[in-house]
Every structure is written in C-alpha cells, then in structure tokens.
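Q: This is the structure I want to talk about, given as structure tokens.
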Amino acid sequence: MTSPHGRAALSIGELTDERYGQVIGPDHAEYETARSVYAGDVDRRPAVILRPGNAAQVASVVALARETGLELAVRGGGHSGAGHGVCEGGIVLDLSRMRALEIDVEARTAWAEAGVSAGEYTEAAAEHGLATGFGDNSLVGVAGITLGGGIGFLSRKHGMTIDDLLAAEIVTADGELLSVDEHHHPDLFWALRGGGGNFGVATRLKLRLHELDGVYGGIMVTPVTPEILEAFVAEAEAAPEELTTIVNVWTAPPFPFVPEEYHGKPIILAVLCYAGPAEAGEKVIDRFRAIVPPLADMVRAIPYPGMFGPADPSQRPISAARNLFIDRVDRATAETIVERVSGSSALVAGAQLRVLGGAIARVPSDATAFAHRQSKIMAHLTAVYADLADAGLHEAWVEEFMTAVRQSDSGSYANFVVNAGPEDVREALYPGATGERLAQIKAKYDPANLFRSNHNILPATP
C-alpha cells in the first residue's frame, strides 16, 4: 500500500518486534506513558513508538521513517526542553531498551548504550572511584546530553562531556552503522560533539573516565540582595577549577530546609561541587559561607552520585524558559536579576547562573561543534507555572528578562534551548564557521534532513 505521495503507508499491524523492537501503537497499554516527555506543555501523539533493542533494529526504524516519509523523533531520556523526543503523527524511536554499560577500569573508559541514564552511569562508575561529567540531573539520557555538549558538575575541572567522548557508533540516514572517532569519519565525529541529533542515531558512546573519590559538595541556601549575588558570582569566578558553582536565584519553593518566612521570596539556592580533597574543598566553600550566613548548608564530603539528589521520573513541569551566555554579573546586572525574579507571578521564577571557564575554555573553539568555549557565564531564565492559559504571560516575562540581562555574548547552549528557529540555530547555537561546517556535514550524511526533530541544521545546498 502506498500513500498519495508515492511512499509506503504505515501499517502498525505489519510491524514486528523482531525487526523493530517493541511496537507501541495508540491502542497499546503503555502508549500514554511512552509518549510523555519531561516538558509538561508537550502533548504530541505519534503514530507509533518503536523501542529497538540493538543497532540493527535502530537501522530498521530509520529505514521505516525514510520509506514512509513520516517525521522521526529520537528519544533517549526524554528530557529535551523542546520535546524533541516525541512528534505528532510520526515515528518515535525510543532508545530506552538499549542500556548496556561496559566499564574498563584499567583503561578508564566506558561504552554506554544510548538508553543509559546519567544517573545509572554515574552510580556504576563511582563503584570504581571513577566519573564522567554529564549535567546535574540523573534522569537525562547519556546520549542526548553528550551530543548537545554536556555542561555539568565536572566541566571546569575536566571539560564538557563532548571533551570526554572518544568514539561513537551511529546509524545514519541511509541505515548504515558507522563507527566514528578522530581517525574514522573525523568530520562526523567533530559534528557529533555539540551538533545534537542532526546527523544520525547514536547507539553507543565511548567515554573517558576520570579518577574521582568523592567530592565536597551539595546545596547552600542564602538570602539574596544584589550585593550578595554579585559577591557570590565573583567568588565562583575566583575559585579554583575544581569548583563548579550553579547559582539559582529563585522564588523559594516550600522546601523543608528553607525557613518558612522565605517561601515565595527570592533566595539563592546554590549547588556547589568541589572535585577534589574535602579539606581543600571546605576551605574554598568557606569563602561563600563568609559572604552571608546561610539559611541552610548541606555542603559536605559526599560520594559523587550524591550530587544528583533524588529525581522523580513522573515530574512534568510546565515552564517558559530562555537561555543565554552573559559576560559578567556586576551590581547593575545583579539588581536586574533580583528585581525581575521578585516581579514574576509564576509558581517558581528564577535565573540560574553557571560560571564557566576552566577546562571548557582551554579547548579551541573550532575543535568541536560547540562554538562557545570562551563564554563566561551561562544564564538560564525560567518561570514554572500551572495553567497553560497563562503561557503568554510567562513567555513575555522570560523574553523581557532575557533582553534586560543580555550583554555582548549572543550565544546560547543547545541542550537548554526550548524554542530555536532557523535564525537562532544559525546565530545563537552554531554561529559563523561552525554552522557552515555543520551544514556541509549535514548535506553529506543526511541530505534529505530525515533527522529534523532537533535544533535543526539545514543541509548546505550545492
């Protein structure tokens, strides 16, 4: 049977588990759960969800999408803020059954299949006193965060996740399984390190492991004023590279460790991770404690997996968000941040500030497809709300917030961007020579743009 467009029509009843993996159609008991993703405002109904168990089945799913012409969405952990892991009326390639993890302790490397979560990987590596840096959420998929860059607790010390990517196995648009590294298909290997899911389906990743026998880290909550915020960020910038600091300026949720009189009011909730000896880490963190007496201080010597904290896989927040890089948090910027957070009507409003630099900045900007190596601070602005009818109000708030804090850096971090049109992809995510090179590689490996459920890089035209 063919469609009016001359392509094969999809008949779910003809799809076999042997060829495609688990087949989940709209009538399947797992369909509603399987189509849901982390972003609570994403409600898409794919024609079918396929869960392959190996690379050959992945290739069959890719071929099915190519033959039917249906949109293909690739899902790892389902944590894309834009909901890229699900599509309307198309095919979802769900990698959650591919969970093999092989750790070579002696070589300090690991092969992880694309369905492995950051938390699973981190727990397994920690048993050997080893770690690879991902982000700060245990539920994200290893493949998704890696392909987008990977900025997390170990980035200042060891670089981004893409800096620890040694090799990958990837199914391309023509269904071929390629093994790529710096010597084999080096152009594709370059593009995978930051270019997202534009070039194929990564089925396995080989990652470098670092020695890490625990960290000195955790959450610190303090009051916030512009003066306190400016000092906090300055201390994070001055700290040794072993320290990664995530400064959240939030309207305080009713967490049990936050004094009740601060609930609903702006606070600093900082997540600090010192990847080194606890004694040295304590001295560094004491500088933050000296800025203002903490309202809560849970920073201590802990195993590295303890940095990720508890995670709820059923959580589906609705939020408006913008991401950008900024050059500094001076007094004027700090005043703007505190004022804007205070003025939001969202359930939780905030600005997350991540001081970058260190090992991230020592990699040349053209060494990978991540073009923002010299960016100083990443700012992620969010408003979490309950009623979709209020979306316009909160979208306007984050847009105005972004305009108010924008400085000279026009870039954004792909993994945290929710809405990116063609202009954003060209100018904010993959600017200049990076975008031009990616477009050429896209034209080579995916000229028909089969992989477009992403921050899409259009193939270069001849």
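Q: For the modelled label position 7 Å from the Cα of Ala460 along Cα-to-Cβ, which residues of segment 436-454 have backbone nitrogen atoms closer than 15 Å?
A: Taking a point 7 Å out along Cα→Cβ of Ala460, the residues of segment 436-454 whose backbone N falls under 15 Å are 436-447.
Q: Starting from the Cα-Cα distance between Ser408 and Phe257, subtract it from 0.36 nm times their residue separation and give me the gain in nm to one decimal.
A: Working it through step by step, the gained length comes to 50.6 nm.
Q: Treating cross-link reach as a plain straight distance, find the lysines whose alpha-carbon is under 28 Å from the alpha-carbon of Lys283, omitting any fewer than eight places away in the same chain.
A: Output for Lys283: Lys157, Lys376.
Q: How big is D, in µm² s⁻¹, for segment 31-95 by Stokes-Einstein at 25 °C and 0.890 mPa s if Rh is the Kirkwood radius over C-alpha pairs?
A: In µm²/s, the coefficient is 210.
Q: Points 7 angstrom from Cα along the Cβ direction at Lys265 and Asn54: gap in nanometres?
A: Each label point is offset 7 Å from its Cα along the Cβ direction, giving 6.1 nm.
Q: If you don't mind, there's one more thing I want to ask. Can you list residues from other chains, or at least 5 along the same chain, whose modelled amide H is less than 5 Å from the amide H of Gly195?
A: Residues meeting the amide H criterion: Ala369.
Q: Testing the spin-label approximation: label points 7 Å from Cα along Cα→Cβ at Lys283 and Thr16. State their distance in nm.
A: A separation of 6.7 nm, rounded to one decimal place.
Q: Can you give the Rg to Rh ratio for segment 101-211, taking only C-alpha atoms and Rh from Kirkwood? If you can, show how the numbers build up before the last one.
A: Numbers: Rg = 12.9 Å, Rh = 13.7 Å.
Answer for segment 101-211: 0.94.
Q: What is the local net charge at Ala320, summed over the other residues whose Cβ is closer than 14 Å to its Cβ (Lys, Arg +1; Asp, Glu -1)? Please report the intermediate quantities before stating the final value.
A: Numbers: positive: Arg322, Arg340; negative: Asp41, Asp387, Asp390, Glu395, Glu399, Glu400.
Local charge sum for Ala320: -4.
Q: Give me a comma-separated list of calculated 3J(HN,Hα) values for segment 270-282, in order, Karplus coefficients 6.51, -1.76, 1.60 applied at θ = phi - 60°, integers in Hz, x for any Gly or Pro.
A: Ordered by residue, 3J(HN,Hα) equals 9, 10, 10, 9, 9, 8, x, x, 4, 4, 5, x, 4 Hz.
Q: Now, a different point. Can you find, among Met160, Ile267, Pro459, the residue farthest towards the positive end of the dipole of the chain? Put +1 on the C-beta of Lys and Arg, -1 on that of Asp and Glu.
A: Value computed over the given set: Pro459.
Q: Same structure again: Would you calculate the separation in nanometres between label points at Glu335 and Leu177, each defined as 7 Å from the Cα along the Cα-to-beta-carbon direction?
A: It is 6.1 nm.
Q: Using only the Cα atoms of segment 215-416, what do you get for the radius of gyration and for Dmax, in Å?
A: In Å, with Rg to one decimal and Dmax whole: 16.8, 51.
Q: Taking the alpha carbon gyration tensor of the chain, what are the square roots of 5 times its eigenvalues, largest first, to the nearest whole Å?
A: After scaling each eigenvalue by five and taking roots: 37, 25, 21 Å.
All of the numbers you see were taken from the coordinates with simple rules; none came from a lab. This is a predicted model, so every value here is computed, not measured. FYI the Cβ positions are ideal-geometry reconstructions off the backbone, even for glycines, and counts take in every protein chain you see.
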